[in-house]
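The values are calculated or read from the model by the stated rules, or taken from the named source; none is laboratory data. Every value quoted in this text rests on a predicted model; they were computed, and no experiment measured them. Positions of Cβ are backbone-derived with ideal geometry, glycine not excepted, and every protein chain shown enters the neighbour counts.
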Amino acid sequence: MTKTLSGAEVARQIGEPLPDAVTGSDDTTVFVRSEAILDAARFLKEYLDFDYLVSITAIDFNDHFDVVYHLRSLKNNYGVVLRTRCDDRQSPSVPSVVSLWQGADLQEREVYDLMGISFDGHPNMKRIVLWDGYEGHPLRKDFILDVPGGGKAT
Amino acid sequence: MTLETEPVVLNMGPQHPSTHGVFRMRVTFDGEVIVDFEPVFGYLHRGIEKLAEHKTYLQNMPYTDRLDYVASMSNNWAYALAVEKLAGIEVPERAEYLRVIMGELMRLSSHLVGVGALFNDMGAFMTPFLYMYREREKILDLFDMVCGQRLTYNYMRFGGVSHDIPEEFMPTLRRFIDDMPRYIDEYDRLLAENEIVLARSKGVGILPAEKAINASVSGPVLRGSGVKWDLRKNNPYSIYDRFDFDIPTGTVGDVYDRYRVRVEEMRQSVRIVKQAMEQIPQGEVRTRVPTPLKPPPGEAYASVEAPKGELGFYLVSDGGAKPYRFKIRAPSFINLTILRDLVMGWKLADAIIIFGSIDICMGEVDR
Amino acid sequence: MEIEKAYSLSDYDKREALQIEALKAAAKEPYPDPVEWLEEELERNVLLTTTERLLDLGKRFSVWPNTFFPACCAFEVISAAASRFDFSRFGMEVLRPSPRQADLMIVAGTVTWKLAPAMRRVYDQMAEPKWVIAMGACTISGGAFRGSYSVVPGINRIVPVDVYIPGCPPRPEGVINGFMTLHRKIAKDKLLKKD
């Protein structure tokens with residue numbers, strides 16, 4: 001059974017070499033500052049054997065974005081969630097983890113396409129499911145869809 | 001003497017003679033050898049994640065059918081698991097057994113299409129595909145009997161399944177499951193040691209195990225490279241810990257290994273269905289949940305071992321009747337990360353086979 | 001090996017994006033369904049000449065479909081072509097991927113704006129006489145995805161459509177019914193008006 005590591009425990013372990021990276025923790029989640037995400041991820045990969053990146057997502061809370069990384073270790077069969085916050089609405093950006101896990105390649109492009117968060121250090125940062133030159137980023141809450149039978153909603 | 005050559009960019013457009021869907025590849029050739037490869041997606045991007053934020057949780061169930069349309073039951077199951085985790089709903093025993101039976105029949109059906117399409121690409125024009133389709137029609141008849149639909153079922157609900165099976169289901173299933181191993185052996189007799197299949201697929205598109213893990217690959221592609229990871233054994237969901245089955249793995253990670261892993265998985269699915277048919281109890285098939293369902297604020301990630309890989313749903317709820325964020329972790333999309341590395345240096349015909357062996361479904365890739 | 005490209009792939013992207021935006025701006029009104037010629041013909045010629053009848057017979061019994069398979073409905077067309085519901089007994093012997101060799105374009109699945117220029121190009125490449133079948137709810141009106149930011153609300157905005165097959169997805173029997181309707185339309189069957 002995949003064990004979910006306690007967020008507080010992992011936060012304590014990251015806090016030893018990187019004291020000001022962690023901003024909080026939860027039962028399952030570790031919150032880090034967005035500039036420190038690459039160092040924290042590298043620590044998790046090398047010292048705690050997190051060799052498998054399950055998914056990268058972004059959520060739009062109306063005043064900030066959250067980028068969520070689900071990580072898993074196939075060798076030891078445990079998992080943890082890494083989460084960071086991005087306050088800039090005009091041109092948000094977060095360091096890319098594609099140098100650690102190649103699986104982040106297409107997922108980061110999709111987050112850029114649909115949410116508008118760009119990832120620094122990604123070799124091919126361009127739109128993937130929508131076409132070049134499309135105006136706007138659809139998954140943001142201020143992109144209004146006109147759904148039939150539902151009226152206009154965010 | 002060196003020849004002056006110029007690279008040629010060829011577009012293998014969204015419309016092409018294969019059953020994998022609208023996938024486009026921009027390939028740069030030097031003669032016949034591939035030197036650069038760029039996949040282009042988005043031709044089936046329907047905006048499901050955005051549309052799902054406007055509809056209630058139950059109204060989103062039919063959208064999940066349309067993701068991997070060859071294996072709809074697995075998509076429904078993954079979504080039902082995520083919502084049950086978010087809202088804390090229990091599932092009765094009989095419903096769990098029915099879900100397992102439907103899930104494993106779906107795995108059989110999807111692998112039949114996947115292997116048939118691979119042989120279509122290899123040049124055995126339609127014969128293996130039509131043979132395998134004959135069995136798939138029998139499975140679709142079973143689903144038709146249960147929920148009235150052949151392709152997009154909408155059968156799972158939060159807290160169980162939508163309704164109970166009719167009386168003629170079990171005898172028909174028993175006849176089908178007793179015959180199925182004979183058919184799988186028939187395919188193997190025709191194809192497994194065939195000279196052309198071996199020449200075209202052994203040693204082609206080798207994926208080493210560390211690269212597969214690093215690229216977040218899952219499903220038969222990961223197991224073909226020798227990594228013994230299957231969510232049904234390593235992180236059992238539902239009642240999979242009560243069944244006795246093996247996880248087949250490959251050794252080298254080439255196209256032949258991925259094909260063999262899928263055929264062996266079909267045999268293991270038959271085993272699981274036999275055990276489930278014996279153990280299934282009587283009882284209810286669905287727990288009462290309020291409509292519209294309003295889960296407490298929070299988030300949940302749940303995943304199943306779908307035929308194509310690990311299919312996961314990540315739901316964020318703000319306490320209302322509609323999800324705040326509906327994220328789909330699609331296996332085919334993430335498995336395509338390694339396609340570029342696998343085809344470099346091969347010729348065009350091999351690239352088609354390597355692409356076919358990853359077995360994708362465009363509904364999932366683009367969502 | 002170092003390769004020097006004469007143009008970069010991002011130039012391709014920009015050019016294609018311009019095509020998509022141009023098509024989207026031009027596709028505001030649906031094309032009228034091509035039935036006017038049918039009514040005119042029936043009013044003018046009550047009895048068709050033998051040669052025309054023979055030509056119509058030839059056309060209707062050997063319509064070769066083109067595979068244009070975006071999404072889920074594709075699997076019902078493949079089922080209709082496979083062992084149980086074989087539609088080659090109606091004359092549609094082979095599914096031709098190349099549009100130059102096909103007479104009928106079955107659009108089976110949701111069409112998005114990104115795919116629309118490619119679909120129009122495939123339609124333009126087919127030689128006359130050619131017909132289009134819109135299969136499934138997504139091609140008729142956008143279906144379950146109507147209102148989404150990237151779905152074409154009905155393919156009759158891009159190509160003129162002859163037969164609509166409703167369903168999500170329609171059963172193979174429904175697909176074959178659609179083909180038979182198309183055959184009756186090709187043969188200019190008078191019974192078509194009473195339906």
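Numbers at a glance
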{"item": "Subset of the range B:188-218 (residues that are among the basic types (Lys, Arg) and more than 23 Å from B:Leu336 (Cα to Cα))", "result": "B:Arg189"}
{"item": "Number of positions in the range C:68-103 that are within 13 Å of chain B (Cβ to nearest Cβ) and out of contact with any Ser or Thr (no Cβ under 9 Å at 6 or more places or on another chain)", "result": "13"}
{"item": "Complete set of residues in the range B:149-170 that are assigned to a loop (DSSP other than H, G, I, E, B) and of a type in the set (Gly, Ala, Ser)", "result": "B:Gly159, B:Ser162"}
{"item": "Out of B:Lys308, B:Lys327, sole residue that is closer than 26 Å to A:Ile128 by Cβ and in contact with a Pro (Cβ under 6 Å, 6 or more places away or on another chain)", "result": "B:Lys308"}
{"item": "Of all residues in the range B:7-49 being crowded, with 20+ Cβ neighbours inside 10 Å and more than 9 Å from every other protein chain (Cβ to nearest Cβ), the one that is farthest from the chain's Cα centre (by Cα)", "result": "B:Ile34"}
{"item": "Test: residue in the range A:22-34 that is closer than 20 Å to A:Val98 by Cβ, surrounded by 18 or more Cβ atoms within 10 Å (Cβ to Cβ) and more than 14 Å from every other protein chain (Cβ to nearest Cβ)", "result": "yes"}
{"item": "Residue ranges of strands (runs of 3 or more DSSP E) in the range B:294-367 with at least 1 members closer than 18 Å to B:Ala78 by Cα and small (Gly, Ala, Ser)", "result": "B:298-306, B:309-317"}
{"item": "Matching option when the condition is hydrophobic (A, V, I, L, M, F, W, C), surrounded by fewer than 23 Cβ atoms within 10 Å (Cβ to Cβ) and closer than 30 Å to B:Arg94 by Cβ, among B:Val304, B:Val289", "result": "B:Val289"}
{"item": "Selection count where residues are more than 10 Å from chain B (Cβ to nearest Cβ) and in a helix (DSSP H, G or I), scope the range A:112-121", "result": "2"}
{"item": "Within the range C:142-178, considering residues that are of a type in the set (Gly, Ala, Ser), in a helix (DSSP H, G or I) and within 14 Å of chain B (Cβ to nearest Cβ), the one surrounded by the fewest Cβ atoms within 10 Å (Cβ to Cβ)", "result": "C:Gly174"}
{"item": "Flag if B:Ser317 is over 21 Å from the mean Cα position of the chain (by Cα) and in contact (Cβ under 8 Å) with a residue 12 or more places away in the chain", "result": "yes"}
{"item": "Scope the range B:53-80; condition among the aliphatic types (A, V, I, L, M), surrounded by 23 or more Cβ atoms within 10 Å (Cβ to Cβ) and in a helix (DSSP H, G or I); matching residues", "result": "B:Met73, B:Ala78, B:Ala80"}
{"item": "Residue check, A:Tyr47 within 11 Å of chain B (Cβ to nearest Cβ) and over 14 Å from the mean Cα position of the chain (by Cα)", "result": "no"}
{"item": "Unmet criterion (only one of (1) within 14 Å of chain C (Cβ to nearest Cβ); (2) at pLDDT 90 or above) for B:Ile101", "result": "(1)"}
{"item": "Residue within the range B:150-169 that is surrounded by 15 or more Cβ atoms within 10 Å (Cβ to Cβ), of a type outside the set (Asp, Glu), free of Cβ contacts under 8 Å to residues at least 60 places away in the same chain and in contact with an Asp or Glu (Cβ under 8 Å, 6 or more places away or on another chain) present", "result": "yes"}
{"item": "B:Tyr314 vs. criteria within 30 Å of B:Leu222 (Cβ to Cβ) and of a type in the set (Phe, Trp, Tyr)", "result": "yes"}
{"item": "Identity of the residue in the range A:1-21, touching a helix residue (DSSP H, G or I) at 6+ places or on another chain (Cβ under 8 Å), among the aliphatic types (A, V, I, L, M) and not in a loop (DSSP other than H, G, I, E, B), that ends up farthest from the other protein chains (Cβ to nearest Cβ)", "result": "A:Ile14"}
{"item": "Number of the exception - B:Asn335 against (1) of a type outside the set (Ser, Thr, Tyr); (2) closer than 30 Å to A:Asn62 by Cβ; (3) buried (at least 24 other Cβ atoms within 10 Å of the Cβ)", "result": "(2)"}
{"item": "Number of the exception - B:Pro331 against (1) within 12 Å of another protein chain (Cβ to nearest Cβ); (2) more than 19 Å from B:Ile358 (Cα to Cα)", "result": "(2)"}
{"item": "Only one of A:Asp105, A:Asp87, A:Asp63 that is out of contact with any Cys (no Cβ under 8 Å at 6 or more places or on another chain), within 9 Å of chain B (Cβ to nearest Cβ) and acidic (Asp, Glu)", "result": "A:Asp105"}
{"item": "Condition check for A:Leu100: over 24 Å from B:His45 (Cβ atoms), facing chain B (nearest Cβ under 10 Å) and modelled with pLDDT of 85 or more", "result": "yes"}
{"item": "Checking B:Arg329 against (1) touching a residue at least 60 places away in the same chain (Cβ under 8 Å); (2) touching a Leu at 6+ places or on another chain (Cβ under 9 Å), the condition it does not meet", "result": "(1)"}
{"item": "Any pair with Cβ under 7 angstrom, 6 or more apart, that starts in the range C:111-131 at a residue that is under 15 Å from C:Arg100 (Cβ atoms) and ends at one that is assigned to a loop (DSSP other than H, G, I, E, B) and of a type in the set (Gly, Ala, Ser)", "result": "C:Met126/C:Ala102"}
{"item": "Filter result for the condition that a residue is more than 12 Å from chain C (Cβ to nearest Cβ) and in contact (Cβ under 8 Å) with a residue 12 or more places away in the chain, over B:Ala87, B:Ala52", "result": "B:Ala87"}
{"item": "Some residue of the range B:108-122 being over 20 Å from the mean Cα position of the chain (by Cα), more than 26 Å from B:Ser238 (Cα to Cα) and part of a helix (DSSP H, G or I)", "result": "yes"}
{"item": "All positions within the range A:35-44 that are within 24 Å of B:Pro331 (Cα to Cα) and either within 9 Å of another protein chain (Cβ to nearest Cβ) or free of Cβ contacts under 8 Å to residues at least 40 places away in the same chain (or both)", "result": "A:Leu44"}
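Listed here are the residues, each with its yes/no results for (1) among the basic types (Lys, Arg); (2) over 20 Å from C:Glu173 (Cβ atoms).
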position: C:Ser62; (1), (2): no, yes
position: C:Pro70; (1), (2): no, yes
position: C:Phe75; (1), (2): no, no
position: C:Ala82; (1), (2): no, no
position: C:Asp86; (1), (2): no, no
position: C:Arg96; (1), (2): yes, yes
position: C:Met105; (1), (2): no, yes
position: C:Ala108; (1), (2): no, no
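Every residue, every condition in (1) in contact with a Cys (Cβ under 7 Å, 6 or more places away or on another chain); (2) within 30 Å of A:Asp105 (Cβ to Cβ); (3) among the aliphatic types (A, V, I, L, M), yes or no:
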| residue | (1), (2), (3) |
| --- | --- |
| B:Gly253 | no, yes, no |
| B:Glu265 | no, yes, no |
| B:Gly283 | no, no, no |
| B:Lys294 | no, no, no |
| B:Leu339 | no, yes, yes |
| B:Lys347 | no, yes, no |
